[in-house]
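Down below is the structure, laid out as structure tokens.
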Amino acid sequence: TEKLDIDAIRADFPILHQQVHEKPLVYLDNAASSQKPRQVLDALREVDERYYANVHRGGHQLSNEATSLYEESREAARRFLGARSTKEVIFTYGTTSSINTVAHAWGGANLSAGDEILLTEMEHHSNLVPWQQIAQRTGAKIKALPVTPDGLLDLDQLPNLLSERTKIVAFSAASNVLGTINPVEEIVRQAHGVGALTLVDAAQAAPHKPIDVTEWDADFVALSAHKMVGPSGVGILYGKQALLEAMPPFLGGGSMIDTVTIDSFTPALLPAKFEAGTPPITGAIAFKAAIEYLEQIGLSNILAHEQMLAEHAHQLMADIPGLKILGPDPQQKAGIVSFTVDGVSPSDIGMMIDTAGVAIRAGHHCAMPLHAKFGIASSARASFYVYNTREEVETFVTALRKVLMILG
Ligand code: PMP
């Protein structure tokens, strides 16, 4: 049973009400980036029209106002994440910059030859490549938890892959290709059992389900505002306070220092220590409006709505010849439906379905190892969000059938 008034929600998103190729836009590329409601668009505009100045450079009225809004947004993010303190909530430029911060700053200081980094086969390149870079630098070794043919993490193999050599386990809370929602607490518990830290890539979890970093007991968590109805260019790195205090800063520059001489510096206290340079001021402030928008709808309601849409898509797609959906049942995932059709190129599907007004994505979705595991180079992906409707799912599948008749 539907708890949400989707028409009212859709009315908040101006961009959805347009035609592309003379067809009503059906936007199903939400796993790449979501759209912004009026509340966020208004916040962006209001900041730049009334409050904009550099933050933390103090002294004048506008800067003080911008700084307090920036800190209010940090508090909103703290609450959203379930973090204990705003010292643990770092504004970054997105998930990629959050993960790079941990891989390079923590990894550079704590990894050496013989150490192991445990990843999974379903990671986005942004939770693979930074670890590969730091492994090359330090001599640490990378291992990966396998994915089952159903698109779940093979947890039976976790105990065999963990040992006292494992220094960090970095994994996604939800997959951007399969949608799979992973058992974060269980993986964290087992990692901690061998003394390893954990980094949770929450880029695809934070927009779609309730999260609580304290309940997870995760050591580091990364997310991006642009996948959760917020602006692009802004993200969060959560880290446990003691860990952030113990590790060196990553980027050096203004704001992240306490004192500087010509050949040395001392770092600032948290969270400034990890916020070198001018942050994405407008976006970080407007991120609060995105968080409040999602909280008001309720993250559990959002997940239920997406799972209903995914269920509908799975049913409608079931009898399409040669079509295979990657990943688990709708009840085990967020609203992502990636698929292949025998003998048909995903990029042809993506290009042709676009002419029907349906925006999906085709490619490797920044997860080449996962596609390789399934023996394919690419897939087509429809990804749903809170403003998508059953009718849009039907439009998508009808358009897909037409495209396949032409291509097949
Ligand atoms: N991890 C996952 C699971 C993602 O889906 C994405 C975005 N596609 C990222 C990391 C990278 O996020 P960003 O590009 O915002 O840094």
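The values are calculated or read from the model by the stated rules, or taken from the named source; none is laboratory data. A quick note: this is a predicted structure, and the numbers were derived from the prediction, not measured. Neighbour counts are summed over all protein chains in view; Cβ atoms, including those assigned to glycine, are modelled from backbone coordinates with ideal geometry. All accessible areas refer to the heavy atoms of the entire protein, side chains included, with ligands and DNA or RNA removed. Shrake-Rupley method; radii C 1.70, N 1.55, O 1.52, S 1.80 Å.
Candidates are the residues of segment 100-125 that are touching a residue at least 60 places away in the same chain (Cβ under 8 Å) and assigned to a loop (DSSP other than H, G, I, E, B); the one that is farthest from the ligand (Cβ to nearest atom) is E121. Taking segment 213-241 as the range and being away from the ligand (no atom under 14 Å from the Cβ) and of a type in the set (A, V, I, L, M, F, W, C) as the test, the residues that pass are V213, W216, A218.
Tell me which residues, restricted to segment 340-384, are more than 16 Å from the ligand (Cβ to nearest atom), free of Cβ contacts under 8 Å to residues at least 40 places away in the same chain and not small (G, A, S). Listed by number, the residues that qualify are D342, P346, M351, I376. Among the helices (runs of 4 or more DSSP H) confined to segment 133-245, the ones with at least 3 residues that are within 25 Å of A77 (Cα to Cα) are located at 184-193, 213-216. Taking the criterion of being touching a residue at least 12 places away in the same chain (Cβ under 8 Å) and farther than 21 Å from A225 by Cβ, the residues of segment 276-320 that qualify are A304, Q307, M308, L309, A310, E311, H312, A313, H314, L316, M317, I320.
Spot the failing condition for A53; the list is (1) small (G, A, S); (2) surrounded by fewer than 18 Cβ atoms within 10 Å (Cβ to Cβ); (3) closer than 28 Å to C366 by Cβ, and only one is missed. Result: A53 fails condition (3) only. Only one entry of L199, L244 meets the criterion of being within 16 Å of the ligand (Cβ to nearest atom) and of a type in the set (A, V, I, L, M), and that entry is L199. The residue that is nearest to the ligand (Cβ to nearest atom), counting only those in segment 81-99 that are of a type in the set (A, V, I, L, M) and under 13 Å from G235 (Cα atoms), is I99. Among (1) open to solvent by less than 10 Å² (accessible area, probe 1.4 Å); (2) away from the ligand (no atom under 11 Å from the Cβ); (3) within 12 Å of L81 (Cβ to Cβ), which single condition is P210 missing? Result: P210 fails condition (1) only. Checked against the criterion of being within 16 Å of the ligand (Cβ to nearest atom), closer than 20 Å to K227 by Cβ and either open to solvent by 10 Å² or more (accessible area, probe 1.4 Å) or under 24 Å from the mean Cα position of the chain (by Cα) (or both), segment 387-406 has no qualifying residue.
Please tell me if A66 is over 18 Å from the mean Cα position of the chain (by Cα) and either closer than 30 Å to V358 by Cβ or away from the ligand (no atom under 16 Å from the Cβ) (or both). Taking the combined requirement at face value, the residue satisfies it. Residues in segment 339-351: is at least one touching an Asp or Glu at 6+ places or on another chain (Cβ under 7 Å) and not β-branched (V, I, T)? The answer is no; no qualifying residue exists. The residues of segment 132-175 that are among the small types (G, A, S), under 23 Å from the mean Cα position of the chain (by Cα) and open to solvent by 30 Å² or more (accessible area, probe 1.4 Å) amount to a single one, A144. If the condition is being farther than 20 Å from G254 by Cα and of a type in the set (F, W, Y), then segment 53-109 contributes F80, W106. Residues in segment 19-39 that are open to solvent by less than 80 Å² (accessible area, probe 1.4 Å) and either more than 16 Å from the ligand (Cβ to nearest atom) or in contact with a strand residue (DSSP E or B) (Cβ under 8 Å, 6 or more places away or on another chain) (or both): V20, L25, V26, Y27, L28, D29, N30, A31, A32, Q35, P37, Q39.
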